Amino acid sequence: MSIEVRVPTLGESVTEATVATWFKKPGDAVAIDEMLCELETDKVTVEVPAPAAGVLGEIVAAEGETVGVDALLATLTEGEGAGTAPAEAKDAPAAAPAGGASVDVMVPTLGESVSEASVSTWFKKVGDTVAQDEMLCELETDKVSVEVPSPAAGVLTEILAPEGSTVEAAGKLGVIASGKGAAAPAPAPAAAPDAAPAAPASGKDVADAPSARKLMAEKGISSDQVTGSGRDGRVMKEDVLKALTQPAAKPAAPAAPRPPVPAEDAAREERIKMTRLRQTIARRLKDAQNTAAILTTYNEVDMTEAMAMRSQYKDEFEKRHGVRLGFMSFFTKACVAALKEVPEVNAEIDGDEIVYKNFVHMGIAAGTPQGLVVPVIRDADRMSFAEIEAAIAEKGKRARDGKLSMAEMQGGTFTISNGGVYGSLMSSPILNPPQSGILGMHKIQQRPMVVNGQIVARPMMYLALSYDHRVVDGKGAVTFLVKVKEALEDPRRLLMDL
């Protein structure tokens, strides 16, 4: 059955678009909702998914052509075995049995604006039998790890992206010979230790948008001078306009070379390539220091009342709500109250404007074996103690297991970092851009304090608020920290919204 692929609705008052890129060619097998091509209008990029599973037939509108709404783009022959076999099938191992099928293992959706990932681990090797949905490999993006399940039961016949290689979104990872009788082939050369890794998906082989190429030609600039925001780094028209209005960035000073190391020391060193997550953490922390005017103010809080309230109600709390009562809910509630009092700490800079947030999406920094991540508790200002504790426990577990999605780590307006769980007594946290504030919690320690003229031992904690001095003045920062201190030293204030 032949199905037409047509131009979707492009938006109000938009009547035509340019075919920017075809991701498939005639004869390729496609899955339902798999991206076939990309259209470009004056303002946005529109991806066109396959309306059904089958084989791509004729491409009617080639790259660079202008098409109207509902115009015919291509035809699709519905059904898994319809039409011409995919080009990849010609190279399928001869060991695949008659009646079996060759199934491609593809890179899954990586998240908004994420165009590539690194292959960190293959759990299977060529020749291994796999069950449907069994984990084949793990990919690592800038922020999260993504497990790739087997799309079918059978035998892994090819590994096209070895460990350490970089793959693009919707790229091909391997091939499975599906079917009960699938024979296990001899290991393919791709799995050999000395196999050359796949070329990184730099996006340089992807054509820039036609309107972008035209504008660059008119202005006399090259694509190397423009940072692309489109799929796989494709340069869009708005990227060219942005490059033209921004001053040229000064080239970064080269990193100082490492001093020579004695041979006996070098022999005992171990070099391990930084993971993408660690590289991203390093870059973002340095960007924060280079961009924001970071200043830190300190205070200390007597945790006596908060600890007494937690001790009194923790058993009943857990019995009723099914979650443990910790201190993070106290601190989250205290910060929410303080952010209402000092809203600039919950704001961010956007160009020459300050954006004030009338909501609190609380980031809770969590250490994992892969590095520091900050899952976001959305609308924390509307949540109860129990809801906050449940959300923190659930997201903390998913963070440690590497299961967090990109969306769960975006959109935070303020962050809490608890170095006290590791024994830290005092630190100056670094901002999580574009946020303007981050609270550092520390170890609770018995210290001598003067109370009503008497020296007594009290459980004390140092608090640190790092803030962007471009947005937050010193008075606002100190006021915020005092509000947090007051709320924790008398938790009843939280119940009365004081």
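Filter region 397-409 down to the residues that are closer than 28 Å to Tyr462 by Cα and either in contact with a His (Cβ under 8 Å, 6 or more places away or on another chain) or surrounded by fewer than 17 Cβ atoms within 10 Å (Cβ to Cβ) (or both) and list them by number.
Taking region 397-409 as the starting set, the residues that turn out to be closer than 28 Å to Tyr462 by Cα are 397, 399-400, 409.
Lys397, Arg400 - these are the residues of region 397-409 that are closer than 28 Å to Tyr462 by Cα and either in contact with a His (Cβ under 8 Å, 6 or more places away or on another chain) or surrounded by fewer than 17 Cβ atoms within 10 Å (Cβ to Cβ) (or both).
If we scan region 421-428, do we find a residue that is of a type in the set (Phe, Trp, Tyr) and in contact with a helix residue (DSSP H, G or I) (Cβ under 8 Å, 6 or more places away or on another chain)? Checked against the condition, which is being of a type in the set (Phe, Trp, Tyr) and in contact with a helix residue (DSSP H, G or I) (Cβ under 8 Å, 6 or more places away or on another chain), region 421-428 yields no hits at all. Filtering region 387-409 to residues that are free of Cβ contacts under 8 Å to residues at least 60 places away in the same chain, assigned to a helix (DSSP H, G or I) and not small (Gly, Ala, Ser) leaves Glu387, Glu394, Lys395, Lys397, Arg398, Arg400, Glu408.
Looking across region 335-394 at every residue that is touching a helix residue (DSSP H, G or I) at 6+ places or on another chain (Cβ under 8 Å), surrounded by 19 or more Cβ atoms within 10 Å (Cβ to Cβ) and more than 23 Å from Asp497 (Cα to Cα), the one that is modelled with the lowest pLDDT is identified as Gln370.
If you go through region 405-428 and keep only what is within 16 Å of the chain's Cα centre (by Cα) and at pLDDT below 90, you end up with Ser405, Met406, Ala407, Glu408, Met409, Gln410, Gly411.
Could you go through region 446-457 and let me know if any residue there is assigned by TED's automatic domain parsing to the domain that holds Asp302 and closer than 28 Å to Ala347 by Cβ.
Going residue by residue through region 446-457, those that are assigned by TED's automatic domain parsing to the domain that holds Asp302 are 446-457.
Within this subset, residues satisfying the condition of being closer than 28 Å to Ala347 by Cβ are none.
No, region 446-457 has no match at all.
Applying the condition of being exposed (fewer than 15 other Cβ atoms within 10 Å of the Cβ) and closer than 15 Å to Phe23 by Cα to region 50-98 and asking which residue is modelled with the lowest pLDDT yields Ala87. Among the numbered conditions (1) in contact with a Pro (Cβ under 6 Å, 6 or more places away or on another chain); (2) assigned to a loop (DSSP other than H, G, I, E, B); (3) at pLDDT 70 or above, the only one that Ala170 does not meet is (1).
Output the residues belonging to region 465-476 that are aliphatic (A, V, I, L, M) and modelled with pLDDT under 95. Within region 465-476, Val471, Val472 qualify. Within region 428-457, being hydroxyl-bearing (Ser, Thr, Tyr) and crowded, with 18+ Cβ neighbours inside 10 Å holds for one residue alone: Ser436.
Per-residue answers, yes or no, for (1) at pLDDT 85 or above; (2) of a type outside the set (A, V, I, L, M, F, W, C); (3) in contact with a strand residue (DSSP E or B) (Cβ under 7 Å, 6 or more places away or on another chain); (4) buried (at least 18 other Cβ atoms within 10 Å of the Cβ):
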{"residue": "Cys137", "(1), (2), (3), (4)": "yes, no, yes, yes"}
{"residue": "Thr157", "(1), (2), (3), (4)": "yes, yes, yes, yes"}
{"residue": "Ala199", "(1), (2), (3), (4)": "no, no, no, no"}
{"residue": "Lys204", "(1), (2), (3), (4)": "no, yes, no, no"}
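Can you pull out every residue in region 451-492 that is under 16 Å from Phe327 (Cα atoms), of a type outside the set (Gly, Ala, Ser) and outside any loop (DSSP other than H, G, I, E, B)? Talk me through it step by step, then tell me what you get.
Going through region 451-492, the residues under 16 Å from Phe327 (Cα atoms) turn out to be 459-463, 484-492.
So of that shortlist, the ones also of a type outside the set (Gly, Ala, Ser) come out as 459-463, 484-486, 488-492.
Across region 451-492, the qualifying residues are Pro459, Met460, Met461, Tyr462, Leu463, Val484, Lys485, Glu486, Leu488, Glu489, Arg492.
The values are calculated or read from the model by the stated rules, or taken from the named source; none is laboratory data. Keep in mind it's a predicted model, so treat the numbers as computed, not measured. Quick reminder, even Gly has a Cβ in these numbers, built from the backbone with ideal geometry, and neighbours come from all protein chains shown.
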